[in-house]
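Q: Questions regarding the structure given below will be posed in turn.
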Amino acid sequence: MTNDIQERIKRLIIDQRLPSGAPLPTETELMELLGVSRNSVREALKALQAMGIVEIRHGFGTYVGPMSMVPMIEGLIFRTVAGHYRGEDSLLELLELREAVETGLIARLAGRIPEADLAELDAVVRRMEAEAAEGSVRAETDRAFHAALYGSLDNSLLSEVLEAFWDAFHRVRTDLVDVPTDPRVTCKQHREILESVRSGDALRAEEAIRDHFGNIRIRLRSAHRD
């Protein structure tokens, strides 16, 4: 019953083309509209809130939620951590998922990134190099590079998915595994990715991405053995 009510509320949001932040009918109105009890409506709304589809503001009402990737990120993190403690290579699996997505996209970018985005990527790599000179590249800088790299595809859903994979991987990796890094290698690999897409060489770009993820994979496996 609860699942059916959830689906009907989602259909209501879709049919009425309600944007994030738009008010939903009151509990009483939903009861009358759906022909169900107050408890059933509340249970369905709580479940939808957990998914980010609705937002319950106590004392104000229920609104269409942000529909963000947060539930997906939390699910990925929980699954990866649980798998790790069961002895599975779940962190490597998550890395391979990121690699598959980014490798599949990089050829589309070769020779097609606008100059403004190339300038932003240049600035991020220079920041990496400055940080490396001080001993380590900050995770936020690495994240900024990958976000800027695919930004010109102008696909907001893709950007959110990539951010979700990145966030889940780095949060879990930080908690579970101490992975040694060479900041000079990190800079070199990101510079190679940038120069390959700038040159328009799709095969070189794919190879650069594979080398980058291959290096992370090697370090992860080494950390597991230690």
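Q: From the residues in the range 43-55 that are surrounded by fewer than 18 Cβ atoms within 10 Å (Cβ to Cβ) and in contact with a Gly (Cβ under 9 Å, 6 or more places away or on another chain), which one is nearest to E29 (Cα to Cα)? Walk me through it before giving the result.
A: First, pick out the residues of the range 43-55 that are surrounded by fewer than 18 Cβ atoms within 10 Å (Cβ to Cβ): 43, 46-47, 49-52.
Imposing the further condition that a residue be in contact with a Gly (Cβ under 9 Å, 6 or more places away or on another chain) reduces the set to 49, 51-52.
On the way: Q49: 18, M51: 22, G52: 21 Å.
Selected residue: Q49.
Q: If you scan the range 61-89, which residues turn out to be over 19 Å from L162 (Cβ atoms), open to solvent by less than 20 Å² (accessible area, probe 1.4 Å) and not in a strand (DSSP E or B)?
A: G65, G83
Q: In the set I9, I5, I14, which member is within 29 Å of L157 (Cα to Cα), hydrophobic (A, V, I, L, M, F, W, C), open to solvent by 70 Å² or more (accessible area, probe 1.4 Å) and part of a helix (DSSP H, G or I)? Write out each step before concluding.
A: Numbers: I9 fails: open to solvent by 70 Å² or more (accessible area, probe 1.4 Å); I5 fails: open to solvent by 70 Å² or more (accessible area, probe 1.4 Å).
Only one candidate qualifies: I14.
Q: I've got another one for you. Working only within the range 142-157, note down all residues that are open to solvent by less than 50 Å² (accessible area, probe 1.4 Å) and not in a helix (DSSP H, G or I).
A: S152, L153, listed by residue number.
Matching residues to (1) hydrophobic (A, V, I, L, M, F, W, C); (2) within 20 Å of the chain's Cα centre (by Cα):
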residue: A164; (1), (2): yes, yes
residue: A168; (1), (2): yes, yes
residue: T181; (1), (2): no, no
residue: H190; (1), (2): no, yes
residue: R198; (1), (2): no, no
residue: D201; (1), (2): no, no
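Q: Something else now. For the range 158-170, does any single residue satisfy the condition of being open to solvent by less than 50 Å² (accessible area, probe 1.4 Å) and outside any helix (DSSP H, G or I)?
A: So far as the range 158-170 goes, no, none of its residues is open to solvent by less than 50 Å² (accessible area, probe 1.4 Å) and outside any helix (DSSP H, G or I).
Q: Suppose the filter is in contact (Cβ under 8 Å) with a residue 12 or more places away in the chain, open to solvent by 40 Å² or more (accessible area, probe 1.4 Å) and not small (G, A, S); does T28 pass it?
A: Values: in contact (Cβ under 8 Å) with a residue 12 or more places away in the chain: no; open to solvent by 40 Å² or more (accessible area, probe 1.4 Å): yes; not small (G, A, S): yes.
No; evaluated as a whole, the condition is false for this residue.
Q: Can you say whether R173 is in contact with a Leu (Cβ under 9 Å, 6 or more places away or on another chain), basic (K, R) and modelled with pLDDT under 85, as far as the supplied structure shows? Break it down stepwise before answering.
A: Working: in contact with a Leu (Cβ under 9 Å, 6 or more places away or on another chain): yes; basic (K, R): yes; modelled with pLDDT under 85: yes.
It is true that R173 is in contact with a Leu (Cβ under 9 Å, 6 or more places away or on another chain), basic (K, R) and modelled with pLDDT under 85.
The values are calculated or read from the model by the stated rules, or taken from the named source; none is laboratory data. Just so it is clear, the model here is predicted, and its values are computed rather than measured. With ideal geometry, Cβ positions are generated from the backbone for all residues, glycine too; neighbour counts draw on all protein chains shown. SASA here: full protein model, heavy atoms, side chains in, ligands and nucleic acids out. Shrake-Rupley method; radii C 1.70, N 1.55, O 1.52, S 1.80 Å.
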